[in-house]
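Participant: Attaching a single structure in structure tokens format; questions to follow.
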Amino acid sequence: MVEQINLSRAMYILISAAALVIIIAGINLAQSIVVLFLISFFLALLGTPPVLWLKEKHIPSGFAVLIVMIVMIAIILLISVQIGSSFSGFIGELPALQTRIQEQVLELTALLKSKGIIVNKKFFLEYVNPEAIMKLTADLLTGLSSVISDLVLILLTVTFILLEVSSFPLKLRAVLGDPKQKFPQFTKFANDMKRYMIIKTLISLATGILIATWLYILNVDYPLLWGFLAFLLNYIPNIGSIVAAIPAVILAFIQLGLGGAVMVTLGYITVNFVVGNVIEPRVTGRKLGLSTLVVFISVIFWGGLLGLVGAILSIPLTMTLKFAFENHESTRWFALLLGSEKMDQPSSPK
């Protein structure tokens, strides 16, 4: 009898693992569609508060959504025009930049040699390889522009989500057959998620503006492009701000020399320290409920599965999984593993 129970558990684990592998493979194969819907839900999450606020002012639902979408489209077009011109200039100048990188590396090697520090130029050109870093940055931005090519479909999806957002609880109650049914845990989770995304977006925007302003003052080329990259990668915890700084520092080194690169580096460190360690904790006022290791692994997992968009939305996606695991008895142990080091024991779902 005990052997049969153990065999059943082993089969259950095996089947679950196989199902998980199939699901992950399916998501990877349908990456373009999944990314499109993730971007749509992200924009809808940002657009929900103003829509609900307009409805509280007795503006009809359709007009409220229309107003929000017009503002959203205007902002996206403005950003696309400004960033697009900088991106085109950067791509056009990339071959010349790569040549100047080699020249600067030779000069730096000679400077270090004069100071008694012997460094083979192969170290910079093959191991550090700033040329490859700039090419990788261009590829990353090119991949992002391919996502924007589906902008019409994304905006249509956002529009329909916003039109349905106020009626969703009513539909869910109708499905459950209880018009007075409440969903306290789901409501709390949705509010926490919405709050996190809005605050993170505002903080990332502030980071991008500060970085772009600092680079403009230092006269580094394409400050808007690097500010946008800092805004975008600030969503990625732990490593995003570091990755965003590397191409700007390399470009400053090419243009302004070692002193300029140091000034740019100090600017990035100052902005990210103040915003990430002083302002953000005070504004959010709470932890993510995820352990540091899980946050790091989630960036790698979702980034590998869904690309840049997956890395940007890694925290919301992991928080969603954690919420789902918390509300099922058989998977609550996994939610505990995902939780922070000092997380409270999750309460049983009502």
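Participant: Assess whether M263 counts as being in contact with a Pro (Cβ under 8 Å, 6 or more places away or on another chain) and in contact (Cβ under 8 Å) with a residue 12 or more places away in the chain.
Facilitator: Taking the combined requirement at face value, the residue does not satisfy it.
Participant: Just give me the residues in segment 216-227 being touching a Phe, Trp or Tyr at 6+ places or on another chain (Cβ under 9 Å) and either surrounded by fewer than 22 Cβ atoms within 10 Å (Cβ to Cβ) or farther than 23 Å from V278 by Cβ (or both), in sequence order. Break it down into steps so the answer makes sense when it comes.
Facilitator: Start the filter on segment 216-227 by keeping residues that are touching a Phe, Trp or Tyr at 6+ places or on another chain (Cβ under 9 Å), which leaves 220-225, 227.
Scanning segment 216-227 gives V220, D221, Y222, P223, L224, L225.
Participant: From the list I73, I59, which residue is β-branched (V, I, T) and closer than 22 Å to L224 by Cβ?
Facilitator: Answer to the selection: I73.
Participant: One residue is enough: does segment 251-274 have a residue meeting the conditions exposed (fewer than 15 other Cβ atoms within 10 Å of the Cβ) and more than 30 Å from E107 (Cβ to Cβ)? I'd like the intermediate steps shown before the answer.
Facilitator: Step one: filter segment 251-274 for residues exposed (fewer than 15 other Cβ atoms within 10 Å of the Cβ), giving 257-259, 262, 266, 269-270, 273-274.
Keeping just the survivors that are more than 30 Å from E107 (Cβ to Cβ) gives 273-274.
Yes, segment 251-274 has at least one match.
Participant: For the structure I just gave you, tell me whether L218 is at pLDDT 90 or above and in contact with a Gly (Cβ under 7 Å, 6 or more places away or on another chain).
Facilitator: On the way: at pLDDT 90 or above: yes; in contact with a Gly (Cβ under 7 Å, 6 or more places away or on another chain): yes.
Yes: the conditions hold for L218.
Participant: State the number of residues belonging to segment 283-306 that are modelled with pLDDT under 85, among the small types (G, A, S) and buried (at least 19 other Cβ atoms within 10 Å of the Cβ).
Facilitator: So the answer is 1.
Participant: Within segment 107-115, does at least one residue satisfy the condition of being at pLDDT below 70, among the small types (G, A, S) and part of a helix (DSSP H, G or I)?
Facilitator: no
Participant: From the set of residues in segment 171-215 that are over 24 Å from L321 (Cα atoms) and at pLDDT below 75, which is surrounded by the most Cβ atoms within 10 Å (Cβ to Cβ)?
Facilitator: If we take residues in segment 171-215 being over 24 Å from L321 (Cα atoms) and at pLDDT below 75, then A174 is surrounded by the most Cβ atoms within 10 Å (Cβ to Cβ).
Participant: Okay, next question. List the pairs whose first member sits in segment 228-248 and is at positive phi, whose second member is surrounded by fewer than 19 Cβ atoms within 10 Å (Cβ to Cβ), and whose Cβ atoms are under 7 Å apart, counting only residues at least 6 apart or on separate chains?
Facilitator: Every condition considered, the pairs that remain are N238/V295; N238/F296.
Participant: Okay, next question. Only one of these conditions is not met by N219: (1) more than 29 Å from P50 (Cα to Cα); (2) part of a helix (DSSP H, G or I). Which number is it?
Facilitator: (2)
Participant: Could you pull out every one of the helices (runs of 4 or more DSSP H) wholly within segment 225-318 that has 1 or more residues that are charged (D, E, K, R)? Spell out how you get there, then give the answer.
Facilitator: Details: elements: 240-273, 280-284, 292-312.
Hits in segment 225-318: 280-284.
The values are calculated or read from the model by the stated rules, or taken from the named source; none is laboratory data. Quick caveat, the model's predicted, so the values are computed rather than measured. A quick note on method: Cβ atoms are made from the backbone with ideal geometry, for glycine too, and the neighbour counts reach across all protein chains shown.
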